[in-house]
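The values are calculated or read from the model by the stated rules, or taken from the named source; none is laboratory data. Treat the numbers as computed from the prediction; the structure is a model and nothing was measured. So basically every Cβ, Gly included, is an ideal-geometry build from the backbone, and we count neighbours across all protein chains shown. We work out accessible area using only protein heavy atoms, side chains counted, and drop any ligands, DNA or RNA first. Shrake-Rupley method; radii C 1.70, N 1.55, O 1.52, S 1.80 Å.
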Amino acid sequence: MAPRGSRARRRLQRARRRLRGALLLLVPGAFVVASDVMRRAYHLATFDELHVKAYVATAVACLAIWALLLYGAAMKRGFVARLASGFFITAFVLAVGVQAAFFARFAIYLSHDAQVYAQSYPQSLIGYLPFDATFLLLVLLHLVVAVALVRLARIWVRPRPWGRRLGPLGVVAAIVGATQIPASYRLWQSTTPDLIYVHGLVSEAKERLGEGRHAPDLRVQRRRPPALPTLHAEPARPRNVLFILQESLRHDITCNRHVPGALAQHPPPCATPFTNEAAPHRYPFEQMRANASTTAISISNLWTGIPSHLGYDRLLEAPVLWDFAHAAGIHGAYWTSQNVMFGSMRLYVQDFPVDHYAYAVNLDSHAAFDEGASDALLTERVIGDWADLEEPFFAVVHYSNVHFPYVYDPEHAPFQPSKFSKAAEDGDAYLNYYRNVAYLSDMAVGRLVDHVRQTDSGQRTVIVYTSDHGEAFREHWQLGHTSSLYDEEIKVPGWIDAPAGTLSDAEATSLAGAEQELVWHYDLTATMLDLMGLWDAPELAPFRVDMVGNPITRPPRTSRPVPLQNCAWLWECGFRNWGLMQGPLKLEAREWDDTFHCFDVVADPEEHRDLGERACAPLPEVGRAMFGAMPFSEWPDGRLLVFGVPVPPPEEE
């Protein structure tokens, strides 16, 4: 008979082992919560009472879910034990490790917004992230943690017979619970990252099974450009290129051509008096037009130079300006106040070969979905990084606050009366509201230009400026953008500012001569390649084949038909427009039209006189051939519309 003291010690040891095992079961959930708090302390501190309660509730659920999963993995023998441990390790690496890597890249967690447009479920499991050092290190770290937890669980957690029978049911309960617990996934993300991840996968699965309608249209996917040969840059002068891209800014509210004393007037004669003051010697382009009224298509046009009616694969394989710059040893940077979680834009930008980058959520953890983070914060970030740029460089600063629903500050609103109202009777006040929004954003842009020009590298930097598209205020029938190809939506400001010595005499003469000539965004792509000294590189020749534009820094001007659209393979939409321009003639059609409309934008700048298809010949035939293979959404009755003509769906074999 064992001494009483020995039995007491064994009971104490068993109690300690059970306590140790119970505490171990809480470790995975505690790891998730603790790492999230360390990662997002600044953001979690902004939560109001409601979001604090939501976070605490999901944190408790997180502890319970991972405890059940680890308890199932603690079984030592049998197929179910191996399955449970494999599931725990895989789930931990994906739902926790991938989230850590995604946050390191985007300062926000992988969620419904970032996954719902995914076209590859295996790729979405890892958030389409590149296998860079950060990703591999974080995944390996979480793999080691997961394996260690399973090994310790098999030592310290000893499921009893009833536990071994109920353990698999606990795993199933944990999986179901993770998919059913409500998750906050957009601005607040007041949910633990593992649950946000699971809800994103569920959203994608529903979309792919046809049970969800959050992503009915095509959206941009991850680029897959080919490896480029080494390019040899031979610019006319040593220089850097800074491309400033505004959002939704129409031409006619700006001081595109310099207006002396604009900033001193109250109200100013335009909504962009700060850039007007900062770049008084710029070369303006008074007939600059975007080739799309949709941001995603416009930036594709600007960054690749190829038209958006080309096939889906061709657009994703097209190198962007940063790729060309990188191949020539030119350093890259991309900063934007745009929220790149919108419409999968993050897939398009995440692989840019850049030394410096920032997205909306890097600037503000509560960055709005449509209008992004504050443009003022973007300027501050660029100013903070500017001294670290290595020359020569190609840098892009992409603003966002002029996007609807607009960022407005009554303290900086000189255009009155001003009112946020879409009512027809408030049209003038609503346009003033928009002017004030542009004015506020221009304060940030003007401050950036001022700073650049005060730096040493800024004296060797050519600035290229435009907007992705314009904004309509019922000049015809529409409000906003992505609705038409009328000039209120595609005629945009455009100018180049170059310090003394950064342009050759021939380049300066060519830019000055383009002030009243018709130029397009495709021409800006070619111009930036020319400024980098790459336009004539023999290695670039195969990539120039599909490029539409010509450099404005040299003659001749673009004379071929130039495509226009608000809907493309990269960004399908439910309200489709297509068109062409050649010289001053503009051809356009909407999805319900059975004919093209033709306008002369120089003789009729308000586009009120439809000249008919014949006046634009042969553009109608070119347009039908060009846009006939575009992706079309399904019409409500199951048919497709091509220029207003119903097309029956193909018969099933």
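Residues whose amide H lies under 5 Å from that of Ala271, counting only those 5 or more places away or on a different chain, are Thr254, Cys255; hydrogens are built 1.01 Å from N in the peptide plane.
How much length is gained on full extension from Arg560 to Tyr42, taking 0.36 nm per residue of separation minus their Cα-Cα distance? Working shown, then result.
Details: separation 518, 0.36 × 518 = 186.48 nm, distance 5.31 nm.
Additional length available on full extension: 181.2 nm.
Take the alpha-carbon centre of the stretch 442-470, take the same for the stretch 321-362, and report the distance between them in whole Å. Here the answer is 18 Å between Cα centres. Under 16 Å from a point placed 7 Å out from the Cα of Ala205 along the Cα-to-Cβ direction: which residues of the stretch 68-87 have their backbone N that close? Output list for this probe position: 87.
Can you give the helix-only mean residue ellipticity at 222 nm for the chain, where every DSSP H stretch with n ≥ 4 adds -39500 (n - 2.57) and the sum goes over all residues, rounded to the nearest 500 deg cm²/dmol?
Working: 22 runs with 272 residues, N = 653.
Only helices count here, giving -13000 deg cm²/dmol.
A straight Cα-to-Cα reach below 20 Å connects Lys586 with the lysines Lys491, residues fewer than 8 places away in its own chain not being considered. Take the Cα of Gln265, step 7 Å toward its Cβ, do the same at Arg453, and the gap between the two points is 1.9 nm. Amide H contacts for Asn550 (H built 1.01 Å from N in the peptide plane; partners 5 or more residues away or on another chain; cut-off under 5 Å): Asp523, Thr558. Considering only Phe599, Phe369, Pro193, and ranking their Cα positions along the charge dipole of the chain that arises from unit charges at the beta-carbon of Lys, Arg, Asp and Glu, the one farthest toward the positive end is Pro193. With a ≥ b ≥ c the root eigenvalues of the C-alpha gyration tensor of the stretch 284-414, is it rounded (a/c under 1.5), prolate (a/b larger than b/c) or oblate? Oblate, since a/c reaches 1.5 and b/c is not below a/b. Which entry in [x] 93, 69, 48; [y] 110, 65, 56; [z] 94, 65, 49 is this structure's computed Cα extents along the principal axes in Å? Only one listed value fits the structure, namely [y].
Among the trypsin sites (Lys or Arg not before Pro) in the stretch 74-120, those placed in a DSSP loop whose Cβ has at most 10 other Cβ atoms within 10 Å are Arg77.
Inter-label distance, Leu136 to Val80: 4.0 nm, where each label sits 7 Å from its Cα along the C-beta direction.
How large is the charge dipole for the stretch 472-543, taken about the Cα centre, if only the Cβ atoms of Lys, Arg (+1) and Asp, Glu (-1) carry charge, to the nearest 20 debye?
Numbers: 2 positive and 13 negative charges, 54 e Å.
With Lys and Arg at +1 and Asp and Glu at -1, about 260 debye.
With +1 on the Cβ of every Lys and Arg and -1 on the Cβ of every Asp and Glu, and nothing else charged, how large is the dipole of the stretch 467-596 about its Cα centre, in debye rounded to the nearest 20?
On the way: 9 positive and 21 negative charges, 41 e Å.
So the dipole magnitude of the stretch 467-596 works out to roughly 200 debye.
Annotation: Trp477 carries an accessible surface of approximately 110 Å², with a 1.4 Å probe and no ligand, DNA or RNA atoms counted. The spacing between the stretch 208-277 and the stretch 97-118, judged by their C-alpha centroids, is 26 Å. Carbon-plus-sulfur accessible fraction, the stretch 539-635 (probe radius 1.4 Å, protein heavy atoms only): 57%. Ranking His43, Val452, Phe243 by how far each Cα lies toward the positive end of the dipole of the chain (charges on Cβ) leaves His43 at the top. At an R0 of 25 angstrom, the distance between the Cβ atoms of His51 and Asp370 translates into a FRET efficiency of 0.75. Taking amide H positions as modeled 1.01 Å from N, with prolines and chain starts lacking one, the residues under 5 Å from Ser467 and 5 or more places away or on another chain are Gln246.
Karplus-derived 3J(HN,Hα) values for the stretch 461-475, using 6.51 cos²θ - 1.76 cosθ + 1.60 with θ = phi - 60°, are 10, 8, 9, 10, 10, 6, 10, 5, 6, x, 7, 9, 9, 6, 4 Hz; glycine and proline are entered as x.
Counting heavy atoms of the protein chains only and a 1.4 Å probe, report the per residue accessible area for the chain as a whole number of Å². Intermediate results must be reported in sequence, preceding the final value.
On the way: 27030 Å² over 653 residues.
About 41 Å² of surface per residue is accessible.
Toward the positive end of the charge dipole of the chain, with +1 on the Cβ of Lys and Arg and -1 on the Cβ of Asp and Glu, the farthest Cα among Tyr465, Ala264, Gln221 is that of Gln221. Here's the picture: a label point sits 7 Å out from the Cα of Asp409 along the beta-carbon direction, and within the stretch 345-389 the residues with their amide nitrogen under 12 Å of it are 374-380. Within the straight-line cut-off of under 18 Å between alpha carbons, the aspartates and glutamates reachable from Lys53 are Asp36, Asp194, sequence neighbours fewer than 8 places apart in one chain being disregarded.
Using only alpha carbons, the stretch 422-564 has a radius of gyration to Kirkwood radius ratio (Rg to Rh) of 1.03.
Would you mind telling me the share, in percent, of accessible area of the stretch 381-519 contributed by carbon and sulfur at probe 1.4 angstrom?
Numbers: 2470 of 5020 Å².
Roughly 49 percent, rounded to a whole number.
One chain, two ends: Gln416 and Asp355. Fully extended at 0.36 nm per residue, the span grows by 17.7 nm beyond their Cα-Cα distance.
Taking 7 Å steps out from each Cα toward its Cβ at Ser504 and Asp313 produces label points 3.9 nm apart.
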